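Remarks on the structure that follows.
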Amino acid sequence: MSSASLIRAVLFDWGGTLTTFHSVDMLDAWKVAASVLAPEDVDRVAAALLAAEQEVWARTTSTLRSATTAEVLRTASAAVNLPIDEVLHDRAVASYLDHWAPTTVARAEARETLHALRSRGLRTGLLSNTHWPRDQHESWLARDGLLDLLDARVYTSDLDVVKPHEDAFRALLDAVGVDAAEAVFVGDRLWDDVYGAARLGMRTVWIRNDEVPPYDVEPDAVVDTLAELVTLPMIIAATATSMPR
Ligand SMILES: [Mg+2]
């Protein structure tokens, strides 16, 4: 690969990559929303919310069309004949996201690693498959001191498509201002992250996660911690000739 462009940017998935991976009971999370939407009918409404979310994820997997949490609530409300009340929906989403908050904490080495990459002159970015709103993601990143260390942040709840669709990766590459050949993508999902990024010509690092679905793709590197990134030959090669600062 001596003809490959030097890396100018290191781009990241969010859940399971910049954060530690959590297996969460999705129904428990939706019960929190249901208790706001219909306190008398929590189990039935929570089941409808879960079904609506599962339908959304099945659809995004087959068509790669993105979705929003608000859409999940509207779909579920229609299914159980609840009135569509935007103010109530916003409150339900806020409670639901609060329930998720403990699973959103950054890996211990995330801040130090991002700082190390940027101090070597590399740009950084984030691309998350998510139906959650941008503002919520940004407040979690700010809480953990990562917001200012990510030059661009793209959430598929703001896009028409999800990873591995190339338009999702293009949105991030354009925002960061690099070509695919100048970027490495770091992610924990073999299909969404590694296959998707490799197909565009990005180099790929898989942060090992044995709980994600298998996919037959060969990442350029495999790591268990973010701290290992700065020791990878592709990163060292990219930064060996850059000016000290
Ligand atoms: Mg992930």
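Each reported figure results from applying straightforward, stated rules to the coordinates on display, with no laboratory input. This is a predicted model, so every value here is computed, not measured. Heads up, the Cβs are rebuilt from the backbone with ideal geometry, glycines too, and the neighbour counts pull from every protein chain shown.
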>> I'd like the residue in the stretch 119-132 that is surrounded by fewer than 19 Cβ atoms within 10 Å (Cβ to Cβ) and part of a loop (DSSP other than H, G, I, E, B) and, out of all such residues, is farthest from the ligand (Cβ to nearest atom).
In response: GLY121
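Select, from VAL194, VAL186, the only residue that is within 16 Å of the ligand (Cβ to nearest atom) and under 12 Å from the mean Cα position of the chain (by Cα).
Residue meeting the stated conditions: VAL186.
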> Which one is nearest to the ligand (Cβ to nearest atom), of the residues in the stretch 197-217 that are under 18 Å from THR124 (Cα atoms) and not in a loop (DSSP other than H, G, I, E, B)?
Replying inline: ILE207
> Just wondering, is there one or more residues in the stretch 152-163 that are within 12 Å of the chain's Cα centre (by Cα), assigned to a strand (DSSP E or B) and among the β-branched types (Val, Ile, Thr)?
Replying inline: yes
